Amino acid sequence: MYKSFAEKLSEPDLIDLGDGIHVLRFEVMKVTSVYAAVKELLDRGVIRPGQTLVDSSSGIYGHALALVCRELGLKAHVFASVAVDAAIRTQLKYLGATWTQVTSGGDGGLRHDQETRVRLVHAYLEEHPDAYWMQQYHDDVHFAGYERVAATLVKELGSAALTLVGGVGTGASTTAMSGFLRGAVADFRMVGIQPFGSRSFGGEAIPLDGFIIAGIGSGIRFGNIHHDAYDEIHWLNFDVAAAGCRDLLSSTGVFAGLSSGAGWQVSKYLRERSPDGAPIVFLAPDPGHRYVEKVFPPEGPLGPDPAYAPTVIEDLAGLTSPWSAMDWARRPYEVHDDLPPYVPATAAVASASV
């Protein structure tokens with residue numbers, strides 16, 4: 001029996017989808033990292049009960065922070081992306097969290113959205129010096145929760161060979177799990193997924209084109225991505241990921257979001273390229289409810305999607321939409337911060353605090 005809902009949500013389900021492909025399905029993946037991180041910070045005396053924890057979020061991190069803070073006796077304030085919808089805002093409200101939602105402004109892109117949110121965090125900390133910034137984009141404390149998840153994969157699938165496929169995001173899930181698994185699995189490969197427009201692996205030259213960017217891409221430098229953890233990187237656009245979501249649902253019954261659809265597409269490609277049956281596991285961070293209108297239109301007949309395949313490139317100059325793949329070979333990479341200077345008066349926010 002679980003002691004709380006947060007504890008339950010921190011435990012994903014490993015599901016065999018056939019042909020050696022497995023999905024590690026989370027209800028709210030960020031609960032796994034936030035739950036362990038907040039507990040560790042409490043144990044170390046870095047934070048204390050009753051304190052306000054603050055961070056920036058495009059959706060599920062904010063939900064996770066609110067849920068964990070409610071359980072462990074803390075408060076939460078979230079600087080929410082334009083991607084945060086009414087369903088998440090409702091959960092924040094009833095979990096006792098407050099939030100400020102960034103409105104569309106400037107170029108409307110990811111860089112503007114993430115940079116504005118981080119600047120607002122700084123301003124909030126100046127006004128509330130007792131608050132604590134969780135720094136999901138930078139602090140490796142978010143790695144801790146995935147150690148148990150990695151151990152489960154080894155227990156269930158063995159230690160001979162394993163390929164893990166997942167969105168890079170902040171790095172907390174895939175960077176963390178690669179660190180835990182590389183020493184435990186003899187033949188381990190980490191395959192990261194990026195949307196076009198993301199700076200983390202040099203894809204910013206091709207504009208973002210859909211909601212997928214919200215969860216697994218970066219418009220600013222993320223400090224807890226270890227670029228040398230990744231063996232292969234795939235860049236996918238919205239259409240490829242959305243088609244993967246629809247195929248995943250119709251062929252396996254798994255209802256999941258855009259990064260999951262991207263993971264399914266990459267996993268099928270990897271299986272075709274390496275038909276030896278060695279386990280491939282892809283991460284499904286959340287269900288598909290947030291994506292229904294954009295990805296699963298309920299009206300009209302079902303139609304076939306194109307059969308997508310990646311363009312294999314040798315360097316970043318060859319990046320091309322809708323899907324590119326590169327043997328990253330665990331190389332380092334430096335993301336340069338060339339963002340414009342901070343002018344506090346220009347921050348555009350919605351009056352959404354409760």
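Each reported figure results from applying straightforward, stated rules to the coordinates on display, with no laboratory input. A quick note: this is a predicted structure, and the numbers were derived from the prediction, not measured. Please note: Cβ atoms are built from the backbone with ideal geometry, for glycine as well, and neighbour counts cover all protein chains shown.
With 28 Å as the limit, the listed pairs Lys39/Lys294; Lys3/Lys268; Lys268/Lys294; Lys3/Lys93; Lys39/Lys155; Lys75/Lys294 have Lys39/Lys294; Lys3/Lys268; Lys75/Lys294 beyond it between alpha carbons. Sorting 188-197, 316-325 by average packing, meaning the other beta carbons within 10 Å per residue, from highest down gives 188-197, 316-325. Judged by the mean number of other Cβ atoms found within 10 Å, the most tightly packed of the peptides 265-278, 282-295 leads the ranking 282-295, 265-278.
In percent, rounded to a whole number, the relative contact order of the chain is 19, using alpha-carbon pairs under 8 Å and six or more apart. In the chain, helical runs assigned H by DSSP with n ≥ 4 each contribute -39500 (n - 2.57); averaged across all residues and rounded to the nearest 500, the mean residue ellipticity at 222 nm is -10000 deg cm²/dmol. Helix 258-273 and the longest principal axis of the C-alpha atoms of the chain enclose an angle of approximately 20°.
Most simply put, the chain has about 25% antiparallel DSSP beta bridges, counting only bridges with both residues inside it. In the chain, the longest principal axis of the Cα atoms and the axis of helix 30-43 are about 50 degrees apart. Among Met1, Met177, Met29, the order by Cβ neighbours within 10 angstrom, fewest to most, reads Met1, Met177, Met29.
Across the chain, Cα-Cα pairs farther apart than 25 Å form 51% of the total. Taking the chain as the reference, fit the longest principal axis to its C-alpha atoms, fit the long axis of helix 110-127 to the helix C-alpha atoms, and give the angle between the two in degrees, 0 to 90, nearest 10. For 110-127 against the chain, the angle is about 30 degrees.
Distance between the 7 Å Cα→Cβ label points at Tyr124 and Lys155: 3.6 nm. One decimal place: the segment Ala87-Val292 gains 72.5 nm when fully extended, by the rule 0.36 nm per residue minus the C-alpha distance.
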